Amino acid sequence: MLSNEQMIGQALDRIAAGYVFPAKVADLDAAIRRRLAAGEYDNLDGPALCETVTAHLQEVCPDKHLRLL
């Protein structure tokens, strides 16, 4: 089973590899990794983790297609 850090890292790698707005990738990556380093995702799992990361992604780039499922 992947840790939250590994799962989020893989999601960010996928965003970096093919997101339709490449200019936003660095901002998305920095915002999520900053929260990850601060421990904001430590006590979350399943739907709560996905909903929280999705909300944080959409704060940086309000794209409703950008989601962690």
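What follows is calculated from the coordinates using simple rules that are stated; it is not laboratory data. Computed from a prediction, not measured in an experiment: that's the story for all the values here. Heads up, the Cβs are rebuilt from the backbone with ideal geometry, glycines too, and the neighbour counts pull from every protein chain shown.
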Which percent of Cα pairs goes in each bin when the distances of the chain are cut into 5 angstrom slices starting at zero?
3, 18, 33, 28, 14, 5, 0
Within 13 Å, Cβ to Cβ, of VAL20, how many net charges do the neighbouring residues add up to if Lys/Arg are +1 and Asp/Glu are -1?
+2
